[in-house]
Amino acid sequence: MYQTTAALRSAFLEFFRKNGHQVVDSSSLVPGNDPTLLFTNAGMNQFKDVFLGNDKRSYSRATTAQRCVRAGGKHNDLDNVGYTARHHTFFEMLGNFSFGDYFKHDAIRFAWTFLTEELKLPKEKLCVTVYQNDDEAFNIWNKEIGIPAEDIIRIGDNKGAPYASDNFWQMGDTGPCGPCTEIFYDHGAHIWGGRPGTPEEDGDRFIEIWNIVFMQFNRQADGSMLPLPKPSVDTGMGLERISAIMQKVHSNYEIDVFKILIAKAAEIIGVSDLEEKSLRVIADHIRSCAFLVADGVMPSNEGRGYVLRRIIRRAVRHGYKLGATDTFFYKLVPTLIEVMGDAAKDLKATQSVVENALKAEEEQFARTLERGLGILDGALADLKGDVLDGETAFKLYDTYGFPLDLTADVCRERNITVDEAGFDVAMAAQRSRAQAAGQFAADYNAGIKTDINSHFCGYDALTGEGKVQAIYVN
Ligand code: ATP
Ligand code: MG
Ligand code: MG
Ligand code: MG
């Protein structure tokens, strides 16, 4: 039953449609209503204003299969790709939403019914977490659903830890948020990892599949939390993670969608070992890059465009590592369209734009990639210790178009880190040299009136954080 990822997506939407939910299309990866959010990172983004009470819909229950990218900003999984079985830069989040309609009881009941009756997952493979003081959710799981108390784990908000579970969900630094309850699947004792809340939770044995957020607050810029007009529900289940379970494989990278993409990448590049980690990275990155271009992002040197450029360049470097001698990345787009089924509608409509943009970026980077890697290899061969100096990383960035994270990605494969502070110093020094050189030009403009304004000024190139700043405008 539900052997393919596409069938599973349809089954989820149909289950919630039958339970009174409006099926709503995935929104764009570029959030239409929120300049502080880098990319759509959860199903709830398109409903943010509905949760806040600023937007009304004709329905109070909705369900979606939302395309998401987590490659910058608050939720950034770029560096997990290739290292965990469960993280992608691009993934689909299946969700059901209640806008002031049902709350904890029904949200928990729907999720449990879908998993154990519709998908027939064995109950003993599942365990759940609740927010540390959420006795109401604890009791629903325990008394109504019948989960033994020892399989219900109380979790706090684990600020700062990169993967550690955190049962207080927030979209960003401000906006709707609330306590959650999460459902985990045990992939078996042969895989390293521990239950949520244990020191081994970062492993891939107990994989989080579904997060159910009880949306109750609106976090303000000063950190305070105001109650939302009506308690609501927002849930998110990773399609690829539930697909792995249904297809009886452990890693997301072994499901149909990825098997086909990986085989195609291997064929194009001419690789025989399908287990190569770089193939997984390429298969992951083609999804985020193609869908980002389809949603109107173009590679560039700032903001969203720079995040896209960084991901494309990382993919191209992995192809080079596998021995690619020709452009390969854009050639995966037709296969991607095939494997994504219904979710590829917008990508299909923009296929040639996407292919051309990816091809142009790969060709541009190919001109400096080999020489840059030669310099990096040389520096690493001469390295004493395990930290690459910021000067070299900056030279690679400035002259050879190596984003800092790409250099870090290469170094990490050899257990070396990059001196990021040193990189920043080199960057600042170059900026001040450029400013000094621009002094004459600035003098020509003396006397032009400037005034100060508050303005959204894009994203930090490295962290992807949105910034609002005072800027001078002419
Ligand atoms: P994790 O702890 O595994 O990083 P998360 O707690 O950050 O996941 P949520 O923000 O709760 O994830 O998102 C809801 C669901 O989306 C998760 O339960 C998971 O199934 C899925 N998901 C989250 N991040 C990814 C990702 N990078 N790739 C694939 N699926 C993901
Ligand atoms: Mg995460
Ligand atoms: Mg988590
Ligand atoms: Mg979660």
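The values are calculated or read from the model by the stated rules, or taken from the named source; none is laboratory data. Just so it is clear, the structure is predicted and the values come from calculations on it, not from any experiment. All Cβ positions, even for glycine, are placed from backbone atoms using ideal geometry, and neighbour counts span all protein chains on display. Note: accessible area is taken over every heavy atom of the protein model, side chains too, but ligands, DNA and RNA are not part of it. Shrake-Rupley method; radii C 1.70, N 1.55, O 1.52, S 1.80 Å.
From the list Pro227, Pro299, the one residue that fits, being touching an Asp or Glu at 6+ places or on another chain (Cβ under 7 Å) and away from ligand 1 (no atom under 16 Å from the Cβ), is Pro299. Being farther than 30 Å from His250 by Cβ, within 14 Å of ligand 4 (Cβ to nearest atom) and in contact with a strand residue (DSSP E or B) (Cβ under 8 Å, 6 or more places away or on another chain) is a description that applies to Gly178.
Only one entry in Asp186, Asp166, Asp202, Asp234 is among the charged types (D, E, K, R), within 15 Å of ligand 2 (Cβ to nearest atom) and closer than 26 Å to Ile140 by Cβ, namely Asp166. The condition (being open to solvent by 20 Å² or more (accessible area, probe 1.4 Å), over 23 Å from Tyr306 (Cα atoms) and not hydrophobic (A, V, I, L, M, F, W, C)) is satisfied by just one residue among Lys345, Lys359: Lys345. Considering the conditions (1) crowded, with 19+ Cβ neighbours inside 10 Å; (2) hydrophobic (A, V, I, L, M, F, W, C); (3) in contact with a helix residue (DSSP H, G or I) (Cβ under 7 Å, 6 or more places away or on another chain); (4) at pLDDT 95 or above, Leu37 is excluded by exactly one of them, (4). Of the strands (runs of 3 or more DSSP E) lying entirely inside the range 73-184, those carrying at least 2 residues that are surrounded by 21 or more Cβ atoms within 10 Å (Cβ to Cβ) and hydroxyl-bearing (Ser, Thr, Tyr) are 126-131. Taken over the range 390-407, the criterion of being touching a residue at least 40 places away in the same chain (Cβ under 8 Å) and closer than 22 Å to Asp77 by Cβ is satisfied by Phe402, Pro403, Leu404, Asp405, Leu406. Taking residues in the range 59-78 that are free of Cβ contacts under 8 Å to residues at least 24 places away in the same chain and within 16 Å of ligand 4 (Cβ to nearest atom), and partners anywhere that are among the basic types (Lys, Arg) and open to solvent by 10 Å² or more (accessible area, probe 1.4 Å), the pairs with Cβ atoms closer than 9 Å and at least 6 places apart or on different chains are Asp77/Arg70.
Identify, from the list Glu201, Glu150, Glu144, Glu208, the residue that is over 22 Å from the mean Cα position of the chain (by Cα) and closer than 14 Å to Cys127 by Cα.
Only one candidate qualifies: Glu150.
Once the range 79-92 is narrowed to residues that are of a type in the set (Phe, Trp, Tyr) and away from ligand 4 (no atom under 16 Å from the Cβ), the residue that is nearest to Leu37 (Cα to Cα) is Phe90. For the range 256-263, the criterion of being modelled with pLDDT under 95 and more than 18 Å from Gln3 (Cβ to Cβ) is met by no residue.
Kindly establish whether Ala315 is closer than 30 Å to Val24 by Cβ, under 23 Å from the mean Cα position of the chain (by Cα) and small (Gly, Ala, Ser). For Ala315, the condition - closer than 30 Å to Val24 by Cβ, under 23 Å from the mean Cα position of the chain (by Cα) and small (Gly, Ala, Ser) - is not met.
When you go through Ser352, Ser300 one by one, which is the residue that is surrounded by fewer than 24 Cβ atoms within 10 Å (Cβ to Cβ) and under 20 Å from Leu404 (Cα atoms)? Result of the check over Ser352, Ser300: Ser300. Note on the range 186-207: among residues that are under 22 Å from Asn41 (Cα atoms) and away from ligand 4 (no atom under 12 Å from the Cβ), the one that is surrounded by the fewest Cβ atoms within 10 Å (Cβ to Cβ) is Asp202.
Among the listed residues Val30, Val50, identify the single one that is part of a helix (DSSP H, G or I), away from ligand 3 (no atom under 16 Å from the Cβ) and aliphatic (A, V, I, L, M).
Val50
Within the range 249-299, the set of residues being farther than 18 Å from His87 by Cα, outside any helix (DSSP H, G or I) and of a type in the set (A, V, I, L, M) comprises Val271, Leu274, Val297, Met298. Here Ala421 meets the list (1) at pLDDT 55 or above; (2) within 27 Å of the chain's Cα centre (by Cα); (3) surrounded by 10 or more Cβ atoms within 10 Å (Cβ to Cβ) almost entirely, failing just condition (3).
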